[in-house]
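This report concerns only the one structure given below.
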Amino acid sequence: MSTTIEIEREDGRVVRYRRHAHGRGYIGVGAVVDETATIGARSYVEAGAVIGRAVEVGDDSWVEEDAVIEPLTIVGARVRIGQGAHVGNRVIIGSGAQIPAGAYVPNGTRIPADTHYREGRAFAA
């Protein structure tokens, strides 16, 4: 099985990813992922994103460009973290939740499954 893949975007750009050692997810060139993090199967971390120490990202999740996830955070399956979002440490994000581009999620926040987060509040999907 290949450890790198290339995907052509709608705008014609070709983006290269490498498989992360823990969890089998894909890391875009230019992303920084701590070696202690786990990136779930079929999950993508885009270029410019930063994933901290002992972060767990569930299967089928997407961390967009320039997003930051601080240490000891747990991200469920099928979660989308928008471009430039900043997720504090020790946050728990339930499966199917969505964090919009540019959002800030404070340390210790709990976001229920299948919700859309809006600065300090979560709304049912």
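The values are calculated or read from the model by the stated rules, or taken from the named source; none is laboratory data. These numbers come from a predicted model, not from an experiment. Cβ coordinates were reconstructed from backbone atoms using ideal geometry, including for glycine residues, and neighbour counts include every protein chain displayed.
Conditions tested, residue by residue: (1) within 24 Å of T3 (Cβ to Cβ); (2) of a type outside the set (D, E); (3) surrounded by fewer than 18 Cβ atoms within 10 Å (Cβ to Cβ).
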site	(1), (2), (3)
V29	yes, yes, yes
V45	yes, yes, no
V55	yes, yes, no
G84	no, yes, yes
G96	no, yes, no
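The requirement of being among the hydrophobic types (A, V, I, L, M, F, W, C) and at pLDDT below 95 is fulfilled somewhere in segment 9-19, by at least one residue.
Within segment 98-111, the set of residues being in contact (Cβ under 8 Å) with a residue 24 or more places away in the chain and either among the charged types (D, E, K, R) or surrounded by fewer than 20 Cβ atoms within 10 Å (Cβ to Cβ) (or both) comprises A101, N107. Restricted to segment 1-27, and to residues that are touching a residue at least 24 places away in the same chain (Cβ under 8 Å) and small (G, A, S), which residue is surrounded by the fewest Cβ atoms within 10 Å (Cβ to Cβ)? Among those that are touching a residue at least 24 places away in the same chain (Cβ under 8 Å) and small (G, A, S), it is G23.
Summed over segment 43-65, the residues that are under 20 Å from A113 (Cβ atoms) and modelled with pLDDT under 95 give a count of 0.
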